[in-house]
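Readers should treat all values here as calculations from the given coordinates under stated rules, not as data from a laboratory. This one's a predicted model, so the numbers in the text were calculated from it and none came from an experiment. Every residue, glycine as well, gets a Cβ built from its backbone with ideal geometry; the counts of neighbours run over all protein chains shown.
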Amino acid sequence: MPHPPVREPLSPWPFAGMIGLACVAFVIGATPVVVGAPWWAVVVLGVVWVVAFLLAIQWFTARPKLVVVLPVAVALLWLATVLGGAAWLGWGLAGQ
C-alpha cells in the first residue's frame, strides 16, 4: 500500500503579496482622480500591474517569498511616476 504524498504547509507570503497587489490596484485606479494624472500614465501603470499580477500567479507556488516583493516594487514605481509627473510634467493641483 503506497503512502499518500506529504503536503508541505502553505506559505503566507504569496497571500500577503496578492493582498498587496489588490491594494496597489486601488491606488492606481484612484490616481487620475486624486493626482490628476493623464490617462496614458494610468494605462501604463495598469499594464505594469497586470504584468506583476501574472508574475504573482506564476510564482505563487514556485517562489512564494518573491510574490511579496511585487506589490512593493509596483507601489514604488507608482510613487516615482506620481512624484516625477508632479515635479516635471505639472500634474496635480499645486499651481492652480
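Condition check ((1) under 23 Å from A16 (Cβ atoms); (2) without any contact (Cβ under 8 Å) to a residue 40 or more places away in the chain; (3) of a type in the set (K, R)) across all residues:
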| site | (1), (2), (3) |
| --- | --- |
| V35 | no, no, no |
| A41 | no, no, no |
| L55 | yes, yes, no |
| L77 | yes, yes, no |
| A87 | no, yes, no |
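When W78, W40 are screened for being out of contact with any His (no Cβ under 6 Å at 6 or more places or on another chain) and within 28 Å of S11 (Cβ to Cβ), only W78 passes. Among the candidates V33, V27, the residue that is assigned to a helix (DSSP H, G or I) and within 18 Å of the chain's Cα centre (by Cα) is uniquely V27.
Examine the stretch 31-41 for a residue that is surrounded by fewer than 18 Cβ atoms within 10 Å (Cβ to Cβ) and among the small types (G, A, S), and state whether such a residue exists. Scanning the stretch 31-41, I find at least one residue that is surrounded by fewer than 18 Cβ atoms within 10 Å (Cβ to Cβ) and among the small types (G, A, S), so the answer is yes. Going through (1) closer than 17 Å to L76 by Cβ; (2) crowded, with 16+ Cβ neighbours inside 10 Å one by one, P14 falls short only on (1). Considering (1) part of a helix (DSSP H, G or I); (2) surrounded by fewer than 12 Cβ atoms within 10 Å (Cβ to Cβ), the lone condition that P71 does not fulfil carries the number (2). I'd like to verify a number: residues in the stretch 42-68 that are small (G, A, S) and exposed (fewer than 15 other Cβ atoms within 10 Å of the Cβ), how many? Qualifying residue count for the region: 2. No other residue among V6, V50 is without any contact (Cβ under 8 Å) to a residue 40 or more places away in the chain and not in a helix (DSSP H, G or I) apart from V6.
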